[in-house]
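Reading through the structure tokens given below for one structure.
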Amino acid sequence: MKDCFPTPPNNTSSGTNINTMKGASPLLVPFLLLALASSLVSAFDPSPLQDFCVAINEPKDGVFVNGKFCKDPKLVNANDFFKSGLNVPGDVSNHVGSNVTAVSVNELPGLNTLGVALVRIDYAPYGGLNPPHTHPHRTEILVVIEGTLYVGFVTSNADGNRLFAKTLNPGDVFVFPIGMIHFQLNIGKTPAVAFAGLSSQNFGVITIVDTIFGSDPLINPDVPTKAFQLDKNIVEDLQKKFSD
């Protein structure tokens, strides 16, 4: 159940395109993820009692459901259930070398009350990181499309904070259980791409380092200094970096 941190590959075969995966379409895989995630939603996002409730920002004469007002069903059209652009790579020129393109209810109004969402994650070559984070009370299932990722999650204190980690190649799938802190790191020499389905229309995210060192206002530095057993000057430097 535990893999040691893997040795980076010596060639670029990790960048195999999804088209080599038994002829599957690259954009078919993420929507299969949505179908898998939908089986997890009944205990979390409320189950709809109508065919759909397309979200609108203005109340007008709509009904308020799941934090959104419903568009008049007679005015709903196919575009309310459609979004393009997941074929476009995200910009990974940032300090972590990754980019998450989300398709939640905020980007696709037709997801309202349906209890699922989707993300595309792009990673820069060797070292691109989706840093440790959690989706409170939401499960995530991830599939690698291109590249090689080292992924894992850490269990709760009650379970001894065990690490479950694997090296994933194109076509491999890994699930991050509800609420667990998890991460993905590109260990290949080429860019990597993954898609993930989540069991909520609006899954939210808590990035651990941003929360601890970039809060507003900042946490008293004595707290992370003692919690992480760090020099106080290091903590204050981190707070300056992540609060900018």
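The values are calculated or read from the model by the stated rules, or taken from the named source; none is laboratory data. Since the structure is predicted, the reported quantities are computational estimates derived from the model, not experimental observations. With ideal geometry, Cβ positions are generated from the backbone for all residues, glycine too; neighbour counts draw on all protein chains shown. Accessible surface areas use protein heavy atoms only, side chains included; no ligands, DNA or RNA. Shrake-Rupley method; radii C 1.70, N 1.55, O 1.52, S 1.80 Å.
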Treat each spin label as a single point 7 Å out from the Cα along the C-beta direction, and report the N94 to D72 distance in nm.
-> 3.9
Highest-first arrangement of 47-57, 200-210, where packing means the average Cβ count within 10 Å = 200-210, 47-57
Looking only at aspartates and glutamates whose Cα falls under 16 Å of K83's and that sit 8 or more positions away or on another chain, we get E107
I219 versus L49: modelled label distance in nm, points set 7 Å from Cα along the beta carbon direction = 4.2
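Taking all protein chains together and a probe of 1.4 Å, list R120, R138 from the most accessible to the least accessible. Walk me through the intermediate numbers first.
Values: R120 20, R138 45 Å².
I get R138, R120, largest accessible area first.
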Packing-ranked peptide list from 151-157, 85-91, highest mean Cβ count within 10 angstrom first, is 151-157, 85-91
Subtracting the Cα-Cα distance of S84 and L230 from 0.36 nm times their residue separation yields 48.0 nm
